[in-house]
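First the structure, in the form of structure tokens, and then the observations on it.
The values are calculated or read from the model by the stated rules, or taken from the named source; none is laboratory data. Because the structure is predicted, anything quoted here is derived from the model rather than measured. Methodologically, a virtual Cβ is constructed for each residue, glycine included, from the backbone with ideal geometry; neighbour enumeration extends over all protein chains shown. Note: accessible area is taken over every heavy atom of the protein model, side chains too, but ligands, DNA and RNA are not part of it. Shrake-Rupley method; radii C 1.70, N 1.55, O 1.52, S 1.80 Å.
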Amino acid sequence: MDMQFGVFSVSDVTTDPTTGHTPTEHERIKASIEIAKHAEDVGLDVYAIGEHHNPPFFSSSPTTTLAYIAAQTKRIILSTSTTLITTQDPVKIAEDFAMLQHVSDGRVDLMMGRGNTGPVYPWFGKDIRQGIPLAIENYALLRELWDNDVVNWEGQFRTALRNFTSTPRPLDGVPPFVWHGSIRSPEIAEQAAYYGDGFFHNNIFWPMSHTKRMVALYRQRFAHYGHGRPEDAIVGLGGQFYMAKDSQTAKREFRPYFDNAPVYGNGPSMEDFTSQTPLTVGSPQEVIDRTLSFRESIGDYQRQLFLIDHAGLPLAKVHEQLDYLGEILPTLRKEFSAMRKEGVPDAPTHESLVAARGGAHDSTVFGEPDNVSGVATPYEQQANDEASVEHADNLLKFAEKRA
């Protein structure tokens, strides 16, 4: 499988601005199951759903939802679009996703993230000011729990473990593949590179120029830590579209949803937003052309996910969008495959990971993360978005000098 295509949900419960109908949580939960099944039917490779613990989102237990979907599907890979590594107990993450591996016969991976809701930290007894240290320590423990049958561990943020074994053990001795998801944090790109994991840049709000720099940083650091060439790094992208038979119809239909969307509603015009971000509202051919252009910025990559059910779109419209995506999917696969450079790794699957590891436990220890900028640790949390962008820029410039 050269490249994986799929859809993801942020699980918002939003009023449909064209009808005034607000779906219930029950309706949205049931809809997510139907969307995942339809995604498999049209030939997509991945369905992913986020984790939130506050209204207007319903997905507080994505592994429960994904396990239910696993029982009703046969082929599609099931993933999270966010697993909150900062506020969840790593022991529970290790157990839940190993269990999901078994019930889905290996059709599972996950995406680590810190989330975008500040109050979730105190709700789970954590301090948001410790967001980056929590992400680092918790993920290090998670790797220990998956890679070693018996763990003795002590850290800053949770009770020590003595002779502890996380059960069930990962399927075939191989943990789920991990993506580290980020929009603006260079620290997360660095963490993904350090472990040789995947980096998923959810480029639905920021210009491609920012995405390009973040992915370039990850690739350079992936090579720095000895995992292979920069082009061997495993990259995923987010995306967003609304399709209709022609551009005029798409814009007319999607405009009320865009204008009232919880995240970007009442902000830039739809035209400005589509010109500055990867959001594409138009014909199937326009979505094909825009999606293929992503490769020009970041090179060959392994996973493309599209935000599919948000902003109050009714289930019927989501099904329609999935049908459109299914129609253009063969073209996307063919064109990306034709452009793909020889030697670029395929998208990871459980089968490929088992083959690469030979089915055996393999606990790999790397050196300590180093200070790539010479000024501030790459794991230092920045005060705001502007500072994060500047920090990423400085990291990249320094990395480019060393390349």
Scanning segment 2-22 for residues that are of a type outside the set (Val, Ile, Thr) and in contact with a Leu (Cβ under 8 Å, 6 or more places away or on another chain) gives Phe5, Gly6, Phe8, Ser9, Asp16
Which residues, counting only those in segment 56-77, are of a type outside the set (A, V, I, L, M) and touching a residue at least 60 places away in the same chain (Cβ under 8 Å)?
-> Pro56
Specify the residue that is farthest from Ala135 (Cα to Cα); the eligible residues are those in segment 62-84 that are in a loop (DSSP other than H, G, I, E, B) and among the small types (Gly, Ala, Ser).
-> Ala71
In segment 16-53, what residues are of a type outside the set (Lys, Arg) and open to solvent by 60 Å² or more (accessible area, probe 1.4 Å)?
-> Thr18, Thr19, His21, Thr22, Thr24, Glu25, His26, Glu27, Ile29, Glu34, Asp41
Pick out the one residue from Phe336, Phe273 that is closer than 25 Å to Ser209 by Cα, modelled with pLDDT of 95 or more, within 22 Å of the chain's Cα centre (by Cα) and surrounded by 15 or more Cβ atoms within 10 Å (Cβ to Cβ).
-> Phe336
Only unsatisfied item for Val91, checking (1) open to solvent by less than 30 Å² (accessible area, probe 1.4 Å); (2) under 20 Å from the mean Cα position of the chain (by Cα); (3) not polar (S, T, N, Q), is (2)
Arg162 versus (1) out of contact with any His (no Cβ under 9 Å at 6 or more places or on another chain); (2) at pLDDT 95 or above; (3) assigned to a loop (DSSP other than H, G, I, E, B); (4) surrounded by fewer than 20 Cβ atoms within 10 Å (Cβ to Cβ): which is the lone unmet condition?
-> (3)
Filtering segment 77-86 for residues that are open to solvent by 10 Å² or more (accessible area, probe 1.4 Å) and within 17 Å of Gly125 (Cα to Cα) leaves a count of 0
Do you know which of the residues in segment 223-264 that are open to solvent by 10 Å² or more (accessible area, probe 1.4 Å) and among the polar types (S, T, N, Q) is farthest from Phe294 (Cα to Cα)?
-> Asn260
Determine which single condition Tyr194 fails, assuming it passes every other condition in (1) open to solvent by less than 20 Å² (accessible area, probe 1.4 Å); (2) aromatic (Phe, Trp, Tyr); (3) outside any loop (DSSP other than H, G, I, E, B).
-> (1)
Considering each residue of segment 54-67, count those that are open to solvent by 20 Å² or more (accessible area, probe 1.4 Å) and either under 19 Å from Ala94 (Cα atoms) or of a type in the set (Val, Ile, Thr) (or both), and give that number.
-> 6
Output the residues belonging to segment 291-317 that are surrounded by 16 or more Cβ atoms within 10 Å (Cβ to Cβ) and over 20 Å from the mean Cα position of the chain (by Cα).
-> Gly312, Leu313, Pro314, Leu315, Lys317
